[in-house]
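Please read the structure below before turning to the comments.
The values are calculated or read from the model by the stated rules, or taken from the named source; none is laboratory data. This is a predicted model, so every value here is computed, not measured. Here the Cβ is made from the backbone with ideal geometry for all residues, glycine too, and neighbour counts use every protein chain on show. Remember, those area values only see protein heavy atoms, side chains included, never the ligands or the DNA or RNA. Shrake-Rupley method; radii C 1.70, N 1.55, O 1.52, S 1.80 Å.
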Amino acid sequence: MAKLIGLNRIKTAVFISGTGSNLKNLINFSKTKKSPISIDLIISNTIKAKGLKFANQYQIKKKIFNFKNIKTTEKKLFILLKKNKINFICLAGFMKILSSKFIKQFNGKIINIHPSLLPRYKGLNTHSRAIQNKDKFSGCTVHYVTEKLDSGKIIMQKKIKILKKDTSSSLARKILKQEHKIYPKAILKIFN
Ligand code: GAR
């Protein structure tokens, strides 16, 4: 019976560019009983992404696309996703911007985690911008991906206090811990 668990899960691809701590966290979540998703494919835009090691470690299919030519890359990517029956995409530290055509093709089925309290600080360098502006709080957001960068409907947010002694790296560390908590929770919220 235990072997049957997972058969009906939503086949998911995780897109990464870097360390992959969110990827690892999502893989571990996907192996729990309550997870509505299974992670069947890992996509990276660079061979240098440290997170690719989790593909080997957990024996998950991986593919690297350099995204130099976005049109042809996304065409190949779309075919690969369909071939693997992927129905859901989680962006986890993926630093390329997907085209509106691709996003439309996967309409409503791509989510992202962003290290700020959106709509504040879309884009890059969120932590240093929050500190520079002397914000009292920051946090992270899980949201749907739409054609407009970091602007899709918010699924879940977690707010944390910025302390006087915080630097952008200490803040990044604290927020990353919260990211690991809310990303699985947001997925449960979507599918339950
Ligand atoms: C995370 O903090 C994530 O929110 C951020 O990159 C980091 C990836 O860490 N994403 C973005 O900035 C997307 N715009 P990870 O590779 O250890 O998961």
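Computed over the range 51-124, the P(r) tail beyond 17 angstrom holds 55 percent of alpha carbon pairs. Under conditions of 20 °C and 1.002 mPa s, the range 1-156 yields 131 µm² s⁻¹ as its translational diffusion coefficient, taking Rh as the Kirkwood radius over Cα pairs in the Stokes-Einstein equation. Angle of helix 21-30 to the longest C-alpha principal axis of the chain, folded into 0 to 90 degrees and rounded to 10: 50°.
Helix 70-83 and the longest principal axis of the C-alpha atoms of the chain enclose an angle of approximately 50°. Computed from the alpha carbon atoms alone, the convex hull of the range 87-189 holds 87 Å³ per residue.
According to the square roots a ≥ b ≥ c of the eigenvalues of the Cα gyration tensor, what is the shape class of the range 10-86, taking rounded for a/c under 1.5, prolate for a/b larger than b/c otherwise, and oblate for the remainder? Since a/c reaches 1.5 but b/c is at least a/b, the shape of the range 10-86 is classed as oblate.
Over the chain, with every protein chain in place, what whole percent of the accessible area is carbon and sulfur at 1.4 Å, could you tell me?
Numbers: 6050 of 11110 Å².
Roughly 54 percent of what the probe reaches on the chain is carbon or sulfur.
Assigning unit charges at the beta carbon (Lys, Arg +1; Asp, Glu -1) and nothing else, what dipole magnitude in debye, to the nearest 20, does the range 130-192 show about its Cα centre? Mind showing how you got there, number by number?
Numbers: 15 positive and 5 negative charges, 83 e Å.
Approximately 400 debye in magnitude.
Please report the spacing between the Cα centers of the range 109-165 and the range 64-101 in Å, no decimals. If you average the Cα positions of each part, the centres end up 23 Å apart.
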